[in-house]
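Below is one structure, written out as structure tokens; the observations come after it.
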Protein chains: 2
Amino acid sequence: MAASTSRSQAAADKRRLILDAAVRVFARQGFHACRVSDIADEAGVAYGLVYHYFSSKDEILDTVFLERWSMLLHVIAEVDERPVAAREKLRDIASFIVDSYVHDPDVMKVIIVEVTRAANSFGRTHLAKIREAYDLIARIVAKGQASGELRTDVSPDFAALAFYGTIEQVLTGWIFELLPQTPRDTESAKVQIVDTICDGLDVIGLPSA
Amino acid sequence: MAASTSRSQAAADKRRLILDAAVRVFARQGFHACRVSDIADEAGVAYGLVYHYFSSKDEILDTVFLERWSMLLHVIAEVDERPVAAREKLRDIASFIVDSYVHDPDVMKVIIVEVTRAANSFGRTHLAKIREAYDLIARIVAKGQASGELRTDVSPDFAALAFYGTIEQVLTGWIFELLPQTPRDTESAKVQIVDTICDGLDVIGLPSA
DNA sequence: TCATTCGTTGACTCGTCAGTCAACGATAGC
DNA sequence: GCTATCGTTGACTGACGAGTCAACGAATGA
């Protein structure tokens, strides 16, 4: 009847339904440990329908990762366009990632645990895409060094690794409940990440206090 | 005849042989992707013998991890005993881990890729053991804060995460060849890790140059 | 020399699960 | 109302691989 209930729209909704169910199942049981039937059950659809919308179990995870990672790359690139200090750019990126986790922990858990931190099995396919993020961050650092904001005795690549590594480690800490994650904690993490990294990168590091 | 060729000694050697072969296979193919028969083939023994020395495929990885991680915990605790500056302690720990990788990349690759960074599947079992390392590092930071060497506006737990996270990210970069790893690179990484983290932790951060 | 022990062998079993497929049924167009 | 389309169903298959087990044989000790 209405356009919103047309054949193709309903199909798109079902696809989304399966995708969202898959995220919950992957987050709960892990990609390898779960069965495709678990995803179908979680979504409330028949087993076969999963294969109507996706060609394989892998493709579901691919889709989940690419959807979100593309968003991240887009945000990093956009932040770098802004005419602000390098430190502020890094703060915005850290904030975006932390907020992404707070807003939807399951998706971030799946991306980190099953792709980013699983470069051996699944991440291998996406290594290039993951690397793009490192490179964009390294570029921000390089610009900061060129403008004299950041010290030059740490390579941009290394700095990007330390920056992203710290963020990922913090999210991992939350995911596995090694670190408290009250709204207060998640908010202060944004500051601590940038403070810790930047006061080691600034030409003259001064404690913020 | 000689004690070195006694029954029990020969058995211990075979066990070691299988363990070393498993490390190579895990590093090459990944824990999930390899078959137990691959390990047997690599070790040059019959399939069944693997199950004579280990009760399951999991137990092999357990053994590999625990052997090396216990060593790491021991070193961290020992370093903390030394009457030196916190920064020097962190430098020694970073050096030990980097040297471990340089000396035997396969073992470190397996531990990081299959256990440390796989907290969802396998690492879950070892979460407590992994956490011990964070806690020991956090204690070093806390002492450094108490003695006035390190700034106090970053929590020890957070600092430990940033420190270890940076190291792990660098090793991961080497493992997946995102980062150059000539002897010169690995040596300079030791310095860069500590510089990056500490000049953000020191009361007054000054570039080392 | 014979018997016992135990390291060693590899073919086999058995459960699991990704992916297939034939059939069903609701909607849309005629 | 009739037919074609296509979303939907779930039982089934085929491959794969962890773990078992019965039998073998080389040291050891009597």
Report yes if B:GLU177 is of a type in the set (Asp, Glu), farther than 17 Å from B:ALA85 by Cβ and open to solvent by less than 10 Å² (accessible area, probe 1.4 Å), otherwise no.
no
Of the numbered conditions (1) more than 12 Å from chain B (Cβ to nearest Cβ); (2) not in a helix (DSSP H, G or I), A:ASP99 satisfies every one except a single condition; which is it?
(2)
Residues satisfying the stated conditions in the range A:58-88, i.e. more than 17 Å from the chain's Cα centre (by Cα) and farther than 21 Å from A:GLN29 by Cα:
A:ASP80, A:GLU81, A:ARG82, A:PRO83, A:VAL84, A:ALA85, A:ALA86, A:ARG87, A:GLU88
Flag for B:VAL102 being open to solvent by less than 40 Å² (accessible area, probe 1.4 Å) and either under 30 Å from B:LEU150 (Cβ atoms) or more than 16 Å from DNA strand C (Cβ to nearest atom) (or both):
no
Against the condition more than 16 Å from DNA strand C (Cβ to nearest atom) and more than 27 Å from B:ALA142 (Cβ to Cβ), how does B:GLY44 come out, does it pass?
no
Could you give every pair whose Cβ atoms fall below 7 Å, whose first residue belongs to the range B:24-50 and is more than 14 Å from chain A (Cβ to nearest Cβ), and whose second residue is of a type in the set (Asp, Glu) and open to solvent by 50 Å² or more (accessible area, probe 1.4 Å), counting only separations of at least 6 or pairs across chains?
B:ARG24/B:GLU42; B:ARG24/B:ASP106
Answer yes or no as to whether A:ILE112 is open to solvent by less than 10 Å² (accessible area, probe 1.4 Å) and in a helix (DSSP H, G or I).
yes
Report, by residue number, each residue of the range B:15-41 that is within 14 Å of DNA strand C (Cβ to nearest atom), at pLDDT 95 or above, within 22 Å of B:SER121 (Cβ to Cβ) and open to solvent by 10 Å² or more (accessible area, probe 1.4 Å).
B:ARG35, B:VAL36, B:SER37, B:ASP38
From the options A:LEU72, A:LEU66, A:LEU49, A:LEU61, residue that is assigned by TED's automatic domain parsing to the domain that holds A:ARG16 and either within 16 Å of DNA strand D (Cβ to nearest atom) or in a helix (DSSP H, G or I) (or both):
A:LEU49
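The values are calculated or read from the model by the stated rules, or taken from the named source; none is laboratory data. Owing to the predicted nature of the structure, the values given are computational and were not obtained by experimental measurement. Glycine also receives a Cβ, built like all others from the backbone with ideal geometry; neighbour counts cover every protein chain displayed. Heads up: the accessible areas ignore ligands, DNA and RNA and are worked out on the full protein's heavy atoms, side chains in. Shrake-Rupley method; radii C 1.70, N 1.55, O 1.52, S 1.80 Å.
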